[in-house]
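Let me begin by presenting the structure, written as structure tokens, before commenting on it.
The values are calculated or read from the model by the stated rules, or taken from the named source; none is laboratory data. Because the structure is a prediction, the values reported are computed rather than measured. Positions of Cβ are generated from backbone atoms using ideal geometry, with glycine treated the same way; all protein chains shown enter the neighbour counts.
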Amino acid sequence: MIVEKKTKPHEPILVEGLPGLGSVGRIVAQEIIRSLKAKKIATLYSPTFPYYALVDGRGLVRLPRNEFYHWSNKTEGKEIVIITGDCQPKTSTGQYEVANMI
């Protein structure tokens, strides 16, 4: 995991939106990130992700990843951590490994 911005959320709500049936969860998570202007705090790469590479909008190849975003409303004391990404681990064992990293 690459931590880009250290933060210690206090009792945050966790929203996970990863690709699945119709990528609905991922689309919703991306919309929450956009509408709240959540800040990216970390990126996770894992050997348990599927073995393929992606090409970004600039034509650069990259590995599958999950990204973590944080939003807080200091006046109300509310915090949200949003996880979204390109994929989920391939196996149930891999899912446990990634969950332990988180």
| field | Any chance PRO9 is touching a residue at least 24 places away in the same chain (Cβ under 8 Å) and either loosely packed, with under 10 Cβ neighbours inside 10 Å or assigned to a loop (DSSP other than H, G, I, E, B) (or both) | value | yes
| message | Which pairs turn up if I take residues in the range 30-42 that are on the phi < 0 side of the Ramachandran plot and look for partners that are among the aromatic types (Phe, Trp, Tyr) and surrounded by 14 or more Cβ atoms within 10 Å (Cβ to Cβ) with beta carbon separation below 6 Å, at least 6 apart in sequence or on another chain? | response | ILE33/TYR69; LEU36/TRP71; ALA38/TYR69; ALA38/TRP71; LYS40/TYR69; ILE41/PHE68; ALA42/PHE68
| note | By residue number, the members of the range 58-77 that are at negative phi, modelled with pLDDT under 90 and not polar (S, T, N, Q) are LYS74, GLU76
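With respect to TYR96, is the statement that it is of a type in the set (Phe, Trp, Tyr), at pLDDT 90 or above and exposed (fewer than 13 other Cβ atoms within 10 Å of the Cβ) true? Break it down stepwise before answering.
Details: of a type in the set (Phe, Trp, Tyr): yes; at pLDDT 90 or above: yes; exposed (fewer than 13 other Cβ atoms within 10 Å of the Cβ): yes.
So TYR96 passes the test.
If you check TYR69 against the conditions, is it crowded, with 18+ Cβ neighbours inside 10 Å, within 15 Å of ILE2 (Cβ to Cβ) and not charged (D, E, K, R)?
yes
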| message | Quick check on PRO19: is it in contact (Cβ under 8 Å) with a residue 60 or more places away in the chain and at negative phi? | response | yes
